[in-house]
Amino acid sequence: MNRSELLAFLRSQRHGSVASIAADGAPQAAVVGIAVSDDFEIIFDTLASTRKATNLRAHPRLAVVIGGFEDDAQRTVQLEGPADEPTGADLERCQAIYYARFPDGPSHLAWPGLIYVRVRPTFLRVSDFRPDPPAIVEHDAVALAALK
C-alpha cells in the first residue's frame, strides 16, 4: 500500500479505538472520532476530564486501531506513538484538519474542558485479510516518512 492509498484508507474511517495506560498500569480504551493529517497524525477531541486525557498527561503515548468496525471489514491499521495537546499554530492546524472531517466540530468549543489530542505515529501496521495469505506490513517512523 503506497502513501496515498494508506491515507485514503485512514481517511475513509471516521472512528478509531484509542488505548492508553492508567496510573496503576491498567489498559483503557475508548472509541473516538478521528481526522488524519498528511503526515499520518491522528487528531481527535475529548474532554480534559476523561480517563484517556488523564492517562495521556501521565503517559504521553497512545495506541490507535483504525478499521475493522464493519461486518465486512478486513483491513485495519494499528499505530502507536507519542501524543500531545497541541497549542498555538499547531492547534489551529490540527483543528482545521479535524473540522474538515467533522464540520460540527466548532460547536464543541463551548464544551467546558474540550481539548484536542494529536498522535504522531512511530509505528504503524497495516493488516489486510482479504488476500490469502493476509498482507501485513509494518512501518517505523523512518519508513513512514519515506513512504511514497
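The values are calculated or read from the model by the stated rules, or taken from the named source; none is laboratory data. From a predicted model like this one, the values you see are computed outputs, not experimental measurements. With ideal geometry, Cβ positions are generated from the backbone for all residues, glycine too; neighbour counts draw on all protein chains shown. These area figures cover heavy atoms from the full protein model, side chains too; ligands, DNA and RNA do not enter into them. Shrake-Rupley method; radii C 1.70, N 1.55, O 1.52, S 1.80 Å.
The table below lists the values:
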item	result
Residue within the range 44-64 that is open to solvent by less than 30 Å² (accessible area, probe 1.4 Å), among the charged types (D, E, K, R) and in contact with a Phe, Trp or Tyr (Cβ under 8 Å, 6 or more places away or on another chain) present	yes
Any hit, the range 71-92, residues being of a type in the set (Ser, Thr, Tyr), part of a strand (DSSP E or B), within 26 Å of residue 129 (Cβ to Cβ) and in contact (Cβ under 8 Å) with a residue 40 or more places away in the chain	yes
Filter result (of a type in the set (Phe, Trp, Tyr) and assigned to a loop (DSSP other than H, G, I, E, B)) within the range 93-111	102, 111
Meets criteria (touching a strand residue (DSSP E or B) at 6+ places or on another chain (Cβ under 6 Å), part of a strand (DSSP E or B), open to solvent by 80 Å² or more (accessible area, probe 1.4 Å) and at pLDDT below 95) for residue 138	yes
Residue within the range 34-43 that is over 10 Å from the mean Cα position of the chain (by Cα), in contact (Cβ under 8 Å) with a residue 12 or more places away in the chain and not in a loop (DSSP other than H, G, I, E, B) present	no
First in the range 1-19 and closer than 23 Å to residue 143 by Cα and of a type in the set (A, V, I, L, M, F, W, C), second anywhere and open to solvent by 60 Å² or more (accessible area, probe 1.4 Å) and not in a strand (DSSP E or B), Cβ under 9 Å, 6 or more apart	7/38; 9/1
Residue 83 being exposed (fewer than 12 other Cβ atoms within 10 Å of the Cβ), closer than 20 Å to residue 28 by Cα and not polar (S, T, N, Q)	no
Scan of the range 1-29 for residues that are under 19 Å from residue 120 (Cβ atoms) and either surrounded by 17 or more Cβ atoms within 10 Å (Cβ to Cβ) or of a type outside the set (D, E, K, R) (or both), ordered by number	6, 7, 9, 10, 13, 16, 17, 18, 19, 20, 21
Residue in the range 122-130 that is closer than 21 Å to residue 18 by Cα, over 18 Å from the mean Cα position of the chain (by Cα) and open to solvent by less than 30 Å² (accessible area, probe 1.4 Å) present	yes
Positions within the range 113-135 being in a strand (DSSP E or B), closer than 26 Å to residue 82 by Cβ and among the charged types (D, E, K, R), in sequence order	118, 125
